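K.L.:
First the structure, then my questions, so here it is.
Coordinate-derived values only; no laboratory data. All values derive from a computational prediction rather than experimental measurement. We place every Cβ from the backbone using ideal geometry, glycine too, and count neighbours over all the protein chains shown.
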């Protein structure tokens with residue numbers, strides 16, 4: 001019988017052997033008679049990649065392109081948009097479907113944009129830059145909606161620290177077996193600090209206390225992190241709860257959250273600049289807290305809603321009446337749908353089933369948010385290691401085509417991230433430039449700013465065209 005240290009030594013030798021093979025210039029499979037041995041490849045060590053001059057030119061030009069809007073006085077009503085089209089490599093397709101959003105930009109002082117995505121947008125990536133630029137168009141400050149919970153140890157636009165027994169429930173996690181509803185709110189998740197009311201015998205006799213401490217995340221480089229309002233979005237509350245708000249250490253206001261089944265909001269006004277906001281909850285129950293929104297008196301808020309591991313097929317699980325209510329309360333005028341990297345490893349020949357999945361989700365969102373435009377942001381490039389070097393995963397273009405066709409069928413706009421990056425094998429160039437991580441899948445924060453810049457210019461051009469068409473009609 002082997003001793004533990006001998007077993008460990010054996011497996012260590014095996015690991016080092018295969019690691020060494022993976023670094024040698026060997027084919028991905030060796031054959032010895034009828035025995036076939038697959039040689040693992042480690043992409044992060046691979047420096048050779050297929051040439052993509054287009055991607056390199058795009059990356060170079062990104063450092064030179066200037067925004068077509070300039071900083072506006074925050075006290076003025078609205079930015080006057082320059083009637084100049086910015087050169088972009090990839091424009092938005094089916095852009096006529098953005099009219100509801102553009103109408104709102106011209107006429108409404110308070111707008112939310114729900115930016116749904118997978119881990120590609122974690123940590124406020126991509127959303128951050130769009131928020132900054134559009135808050136020049138409707139002069140305002142504030143990060144908008146966040147989930148008040150530290151998810152996967154990833155920073156949000158506002159950093160949250162919790163005190164108390166806070167638990168997070170998402171539309172696709174195992175804790176949902178305890179739930180008797182699918183009301184997960186506009187972020188497809190909620191948090192609470194007391195046991196689920198239908199699952200606890202102690203709620204009527206126990207007083208629960210919990211706190212949330214919010215601090216501005218200056219590392220994300222937001223241009224404006226001042227806000228004047230803190231808005232709670234909540235529901236499913238059986239007993240009254242008192243909430244006290246402190247700005248730094250100063251008491252500001254106390255409010256009572258009354259029992260409700262449906263989604264509600266309550267707003268605290270902040271009358272001072274503060275580095276820290278504390279919310280203290282006390283009561284015999286906890287609301288399902290869907291989000292906290294950090295806002296100005298008016299403005300536009302791009303809400304970063306990252307759903308790691310999600311393929312964008314869970315929206316139809318949420319009752320439409322709840323999503324619709326949140327859309328009205330928040331005046332949602334644009335939904336951005338950015339998924340796909342969790343589908344790519346499947347590497348199938350046909351993605352018609354995925355097109356139909358996406359189409360069904362988009363149709364559900366259109367029913368629930370009839371007042372909003374929808375923009376499908378296509379899958380980005382991803383690399384895999386082969387005997388000839390790093391190349392695009394074969395499924396990328398098939399998934400992109402499925403997303404584009406689903407957007408067209410559902411009367412949604414579409415932007416092609418893959419082509420905007422430079423097309424085939426472009427991810428390797430982005431990694432080489434320090435704009436993506438060495439998993440050859442995710443943008444770095446700097447890379448996310450770059451791709452977001454391309455998307456913003458594409459959106460801005462369509463806004464200019466919209467304004468020009470309106471001027472022509474009215475002339």
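K.L.:
Once you place label points 7 Å from the Cα toward the Cβ at residue 371 and residue 229, how far apart are they in nm?
P.N.:
Taking the two extended label points, one gets 1.3 nm.
K.L.:
How far is it, in nm, from the label point at residue 391 to the one at residue 181 when both lie 7 Å from their Cα along the line to the Cβ?
P.N.:
Those two pseudo-labels are separated by 5.2 nm.
K.L.:
Rounded to whole Å and sorted largest first, list the principal axis extents of the Cα atoms in the stretch 143-297.
P.N.:
45, 31, 24
K.L.:
Consider a paramagnetic label point 7 Å from the Cα of residue 267 along Cα→Cβ; state which residues of the stretch 274-306 have an amide N under 15 Å from it.
P.N.:
292-301
K.L.:
A further question on this structure: Could you work out how far apart the two model spin labels at residue 96 and residue 352 are, taking each label as a point 7 Å from the Cα in the direction of the beta carbon, and quote it in nm?
P.N.:
Taking the two extended label points, one gets 2.8 nm.
K.L.:
Provide the FRET efficiency to the nearest 0.05 for the residue 360-residue 251 pair, computing r from the beta carbons and using R0 = 51 Å.
P.N.:
Using R0 = 51 Å, I get an efficiency of 0.55.
K.L.:
If you don't mind, there's one more thing I want to ask. For the residues 145, 459, what sequence is obtained by ranking on other C-beta atoms within 10 Å, fewest first?
P.N.:
So the ranking, lowest neighbour count to highest, is 459, 145.
K.L.:
Could you give the length gained by full extension between residue 207 and residue 85, i.e. 0.36 nm per residue of separation minus their alpha carbon distance, to one decimal place?
P.N.:
Length difference between fully extended and current span is 38.0 nm.
K.L.:
Quick check on the exposure proxy: order 118, 250 from fewest to most C-beta atoms within 10 angstrom.
P.N.:
In order of increasing Cβ crowding within 10 Å: 250, 118.
K.L.:
Shifting gears a bit: If you look at just the Cα atoms of the stretch 106-200, how large are its Rg and its Dmax in Å?
P.N.:
15.9, 49
K.L.:
Find how many whole Å separate the alpha carbon centroid of the stretch 417-475 from the alpha carbon centroid of the stretch 301-315.
P.N.:
Measuring centre to centre over Cα atoms gives 19 Å.
K.L.:
Right, here's the next one. Using a cut-off of under 12 Å, list every residue of the stretch 113-149 whose amide N is near the label point 7 Å from the Cα of residue 401 along the Cα-to-beta-carbon line.
P.N.:
From the stretch 113-149, the list is empty.
K.L.:
Order 391-398, 462-469 from most to least packed using the mean count of other Cβ atoms within 10 Å.
P.N.:
391-398, 462-469
K.L.:
Could you calculate the FRET efficiency of residue 260 with residue 61 from 1/(1 + (r/R0)^6), where r is the beta carbon distance between them and R0 is 51 Å, rounded to 0.05?
P.N.:
Computed FRET efficiency for residue 260 and residue 61: 0.50.
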